[in-house]
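Just below is one structure, and these are the notes that go with it.
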Amino acid sequence: RLQENRERLSVCSKLCYAVGGAPYQITGCALGFFLQIYLLDVAQLDPFYASIILFVGRAWDAITDPMVGFFISKTSWTRFGRLMPWIIFSTPFAVISYFLIWFVPDISRGQVMWYLVFYCIFQTLVTCFHVPYSALTMFISREQSERDSATAYRMTVEVLGTVLGTAIQGQIVGKVVPPCIESPLFIGKTNSSVAMEELNMTHDTGSLTDIRNAYMIAAGVIGGLYILCAVILSVGVREKRESSELQSDEPVSFFQGLKLVMNHGAYIKLIAGFLFTSLAFMLLEGNFALFCTYTLGFRNEFQNILLAIMLSATLTIPLWQWFLTRFGKKTAVYVGISSAIPFLIMVAVLDSNLIVTYIVAVAAGISVAAAFLLPWSMLPDVIDDFKLQHPDSHGHEAIFFSFYVFFTKFTSGVSLGISTLSLDFAGYQTRGCSQPSEVNFTLKMLVSAVPVGLILLGLLLFKLYPIDEEKRRKNKKALQDLR
């Protein structure tokens with residue numbers, strides 16, 4: 001009991017730790033919801049090149065996770081810790097590169113390379129922040145209950161971060177409606193640029209310069225929040241070397257550790273289950289702005305609909321934390337994530353109605369909260385299970401977290417690239433006030449049918465995950481005995 005009291009974290013420490021999760025979510029949410037529509041309608045890139053930027057950027061982001069995990073495992077302990085220096089030194093460069101993503105360079109050629117390079121640089125630097133931050137969960141306390149509690153704080157702040165990212169980006173950008181091109185006939189029916197110029201009429205709702213300035217203002221505000229959160233994390237959290245070490249720890253090389261991690265059955269099954277469910281929500285996130293703008297016709301409301309989803313998710317994080325404590329984490333997965341299915345079907349089947357859309361958005365946010373909380377709450381259980389099976393191996397926390405993120409990011413990059421290409425094949429019109437029926441049908445598939453199929457597949461695979469509540473309690477007791 002004395003040992004548990006020494007391991008308890010204060011509310012202040014948990015809050016400072018939780019704040020560190022906000023930068024990744026604020027920037028990730030802004031990029032996830034708005035980058036696709038920004039590249040297509042503001043930077044005015046061809047959908048094919050936009051798909052290349054989105055795919056390569058996400059794929060590179062995925063590759064950097066295990067790379068950073070490798071270098072972290074080789075990092076020596078300092079007086080600031082082993083993980084904290086990565087967080088501190090990557091922050092200023094990440095903020096600069098993030099701002100440049102939302103800047104439209106005045107060059108006739110090379111715009112594609114501009115966005116691709118700075119997108120990849122930012123993803124590398126934010127990985128240098130987020131991988132050590134994720135692994136920090138194992139170094140703040142040895143008590144499983146304290147780590148779970150800190151994770152709940154973190155998830156609440158992270159979902160709040162998505163609200164901030166959506167609100168800041170959406171409300172600032174939403175003040176300026178970008179000019180669009182309207183055609184009495186669908187422009188996609190003709191390839192003649194002369195015919196397009198004769199039919200098109202530009203709406204003077206706001207100049208292209210205004211909308212570009214709005215995106216840069218939003219990027220500046222988000223960059224300031226990124227720095228503030230990094231400062232609070234570094235000042236308010238102490239990295240405890242002994243929190244993750246057992247009495248019998250012996251150093252094992254990175255590649256030996258990687259082989260051990262990838263052969264750990266519980267980890268592979270957890271990844272397999274969450275890979276598809278995470279992919280479903282990422283696909284929804286990437287295409288929802290276009291879906292609201294064109295398919296539902298809510299060009300001036302989509303940022304508020306996104307905000308409703310994120311606010312609902314933030315308010316229901318404590319509900320899911322209570323639910324998983326009361327009924328177990330596996331039950332929470334089945335109930336929480338599957339609850340999104342009827343609402344995803346409803347938004348595609350029903351006719352466009354703003355009130356119904358807001359109701360669906362609030363209900364879907366409840367499921368989004370479960371999808372946010374549960375993977376990060378369950379990964380520490382897998383690491384504890386691994387330590388019991390391999391008590392002589394240590395220092396692999398970053399491998400567990402980074403490779404989980406690697407798989408989800410890589411598949412999301414593939415899905416975003418394919419979804420943007422499919423819009424190109426369907427005849428997507430850059431800056432169009434409306435889109436051909438083929439584009440609207442494709443968007444319905446991307447935000448409804450495909451995510452529902454991925455969720456069902458993920459839940460089916462999750463049946464194989466072996467760590468239930470009884471096994472968790474046994475592992476906790478065995479770890480205490482080892483220590």
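The values are calculated or read from the model by the stated rules, or taken from the named source; none is laboratory data. Everything quoted here is computed from the prediction, not taken from an experiment. Backbone-built Cβ (ideal geometry, glycine too); neighbour counts: all protein chains shown. Note: accessible area is taken over every heavy atom of the protein model, side chains too, but ligands, DNA and RNA are not part of it. Shrake-Rupley method; radii C 1.70, N 1.55, O 1.52, S 1.80 Å.
Kindly establish whether S412 is modelled with pLDDT under 85, within 18 Å of D61 (Cα to Cα) and of a type in the set (S, T, Y).
Values: modelled with pLDDT under 85: yes; within 18 Å of D61 (Cα to Cα): yes; of a type in the set (S, T, Y): yes.
Taking the combined requirement at face value, the residue satisfies it.
For the stretch 450-483, give me the residue count where each residue is at pLDDT below 85 and among the aliphatic types (A, V, I, L, M).
4
Can you give me the number of residues within the stretch 49-87 that are of a type in the set (S, T, N, Q) and free of Cβ contacts under 8 Å to residues at least 12 places away in the same chain? If you could, list the steps in order and put the result at the bottom.
So the first thing to find is which residues in the stretch 49-87 are of a type in the set (S, T, N, Q), and the list is 51, 64, 73, 75-76, 78.
Add one more test, that the residue is free of Cβ contacts under 8 Å to residues at least 12 places away in the same chain, and what stays is 75-76, 78.
Number satisfying all stated conditions: 3.
Can you pull out every residue in the stretch 28-55 that is touching a helix residue (DSSP H, G or I) at 6+ places or on another chain (Cβ under 6 Å) and more than 15 Å from G286 (Cβ to Cβ)?
Selection gives V42, L45, F48, Y49.
Yes/no per residue for (1) under 23 Å from the mean Cα position of the chain (by Cα); (2) of a type in the set (V, I, T); (3) open to solvent by 40 Å² or more (accessible area, probe 1.4 Å); (4) farther than 24 Å from I52 by Cβ:
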| position | (1), (2), (3), (4) |
| --- | --- |
| I399 | yes, yes, no, yes |
| T420 | yes, yes, no, no |
| S437 | no, no, yes, yes |
| S448 | yes, no, no, yes |
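Working only within the stretch 299-310, note down all residues that are modelled with pLDDT of 80 or more, open to solvent by 30 Å² or more (accessible area, probe 1.4 Å) and in contact with a Ser or Thr (Cβ under 7 Å, 6 or more places away or on another chain).
Within the stretch 299-310, just L307 meets the criteria.
Give just the number: which of (1) open to solvent by 10 Å² or more (accessible area, probe 1.4 Å); (2) outside any helix (DSSP H, G or I) does P66 not satisfy?
(2)
What is the residue count in the stretch 87-117 for residues that are touching a Phe, Trp or Tyr at 6+ places or on another chain (Cβ under 7 Å) and of a type in the set (A, V, I, L, M, F, W, C)? Spell out the reasoning first.
Filtering the stretch 87-117 for residues touching a Phe, Trp or Tyr at 6+ places or on another chain (Cβ under 7 Å) gives 87, 90-91, 94-95, 97-98, 100-102, 105, 112.
Keeping just the survivors that are of a type in the set (A, V, I, L, M, F, W, C) gives 87, 94-95, 100-102, 112.
Looking only at that region, the number is 7.
Out of all the residues in the stretch 4-27, is one or more closer than 30 Å to D424 by Cα, open to solvent by less than 10 Å² (accessible area, probe 1.4 Å) and either β-branched (V, I, T) or assigned to a helix (DSSP H, G or I) (or both)? Lay out the reasoning, then the answer.
Quick first cut of the stretch 4-27, residues closer than 30 Å to D424 by Cα only: 24-27.
Retained after the next criterion (residues that are open to solvent by less than 10 Å² (accessible area, probe 1.4 Å)): 26-27.
Okay, now just the ones that are also either β-branched (V, I, T) or assigned to a helix (DSSP H, G or I) (or both), so 26-27.
The answer is yes, given that some residue of the stretch 4-27 is closer than 30 Å to D424 by Cα, open to solvent by less than 10 Å² (accessible area, probe 1.4 Å) and either β-branched (V, I, T) or assigned to a helix (DSSP H, G or I) (or both).
Within the stretch 90-122, work out how many residues are open to solvent by 10 Å² or more (accessible area, probe 1.4 Å) and closer than 16 Å to F34 by Cβ.
5
Being more than 17 Å from F103 (Cα to Cα), open to solvent by 30 Å² or more (accessible area, probe 1.4 Å), part of a helix (DSSP H, G or I) and touching a helix residue (DSSP H, G or I) at 6+ places or on another chain (Cβ under 9 Å): is that true of I72 here? Working first, answer last.
Numbers: more than 17 Å from F103 (Cα to Cα): yes; open to solvent by 30 Å² or more (accessible area, probe 1.4 Å): no; part of a helix (DSSP H, G or I): yes; touching a helix residue (DSSP H, G or I) at 6+ places or on another chain (Cβ under 9 Å): yes.
Here the answer is no, as I72 does not meet what is asked.
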